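Each reported figure results from applying straightforward, stated rules to the coordinates on display, with no laboratory input. Please read all numbers here as calculations on a predicted model, not as lab measurements. Virtual Cβ from ideal backbone geometry, glycine too; neighbours counted across all protein chains shown.
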């Protein structure tokens, strides 16, 4: 980590949708704050003699990226990832903040676990960490956790991610109770009676491979329920890792009715299809599973038209012990913090996503949904900034991976577009030039 007194980013394309800015200019950082933004590039060193100056010509200067859905595995599974290693990976991917899911061991269903996570994050100082508390005690779906206690300790939302809340009455009470604390409820939408024992998308390929399938209805039925409860209670709801065309359609129609719903998808759901599993590749095993080309097209459209509000990685580290086994036995999930930017850049180059919309999906909207700072380059704000080189091509090798685990289906692929400078509170937490 490089300590600096001041930083001047010159000649970059400043993309700040929250303030309707998208043009070439300079950005000045001092004392951990953004002190000047000059579209047109008129900031000079002047009296600022101790500034480090970075020429950002050809690069994007954007608000620090925020990943609202990661698994840091600490406490309990530190051999897969720790808060320190996970936030280092976040910085390498251009993220200045992450929201970590509560399915740790023990589950983050109380203030002691929440405080431990925040203490670890403060010591690491690579990225802001926003803990997400459990909806139910132990994420067992039986009794509500103590939201007020956890909020005082530092949680920003609640979720039983990794496990659906099967009991509809409990989910209703969670929405009502969390609403009293202005905590978003993040739903893992899955009907386990339909998905049980499934390991990939149900269809012709699962039949051909002899693998048990998970129907799209397993996700869609639960989303329908969640939307009904959100409308009935009038409380806000967030849907995690949307993967099917009908899920996007359900969310779109609910928004048209005025339902207070937001939703996210992950880069693998707009990049890969179920065909990635054809060789029994456990690196492509996840839940919800990779779907069809039609689903991928619908996810892309949902990002373009606003039906989906955010891109989150669902970063899920696993060691080789969980992945280098038979497909049926392999753990679900992939790492994603370090590949989110290039995979989303492909939507910009090939599918009509505007750069400003990309920044909304990866920064502005996650900050808004979670109710946290960020998503803006306004003067006076904390200097959380990401610099992206949209033309940088690289091969994503295992040696490059910063995360403690290496379970990515994108290993050894040529990618284009990368965060080259990540700045947190005015400190450089990642500089690609130093690699």
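Taking region 287-319 only, how many residues are touching a residue at least 24 places away in the same chain (Cβ under 8 Å) and in a helix (DSSP H, G or I)?
12
Only one of (1) surrounded by fewer than 16 Cβ atoms within 10 Å (Cβ to Cβ); (2) farther than 18 Å from residue 185 by Cα fails for residue 232. Which number is that?
For residue 232, the failing item is (2).
Restricting to region 113-134, give me the number of residues that are over 18 Å from residue 371 (Cα atoms) and either touching a residue at least 12 places away in the same chain (Cβ under 8 Å) or in contact with a strand residue (DSSP E or B) (Cβ under 6 Å, 6 or more places away or on another chain) (or both).
So the count comes out to 10.
For a quick check of your reading: which helices (runs of 4 or more DSSP H) sit entirely within region 323-395 and have at least 1 residues that are on the phi < 0 side of the Ramachandran plot, more than 17 Å from the chain's Cα centre (by Cα) and surrounded by fewer than 15 Cβ atoms within 10 Å (Cβ to Cβ)?
Per the criteria, 340-350.
Here is a list of conditions, (1) in contact with a helix residue (DSSP H, G or I) (Cβ under 6 Å, 6 or more places away or on another chain); (2) under 25 Å from residue 186 (Cα atoms), and residue 362 meets all of them except one; can you say which number that is?
The single condition residue 362 does not satisfy is (1).
Considering region 114-132 alone, what residues qualify as being out of contact with any helix residue (DSSP H, G or I) (no Cβ under 8 Å at 6 or more places or on another chain) and buried (at least 24 other Cβ atoms within 10 Å of the Cβ)?
Once the filter is applied, which keeps residues that are out of contact with any helix residue (DSSP H, G or I) (no Cβ under 8 Å at 6 or more places or on another chain) and buried (at least 24 other Cβ atoms within 10 Å of the Cβ), region 114-132 yields only 132.
Take the residues of region 98-113 that are within 24 Å of residue 310 (Cα to Cα) and touching a helix residue (DSSP H, G or I) at 6+ places or on another chain (Cβ under 8 Å): which is surrounded by the most Cβ atoms within 10 Å (Cβ to Cβ)?
98
Across region 284-308, what is the total count of residues that are within 30 Å of residue 321 (Cα to Cα) and surrounded by fewer than 20 Cβ atoms within 10 Å (Cβ to Cβ)?
1
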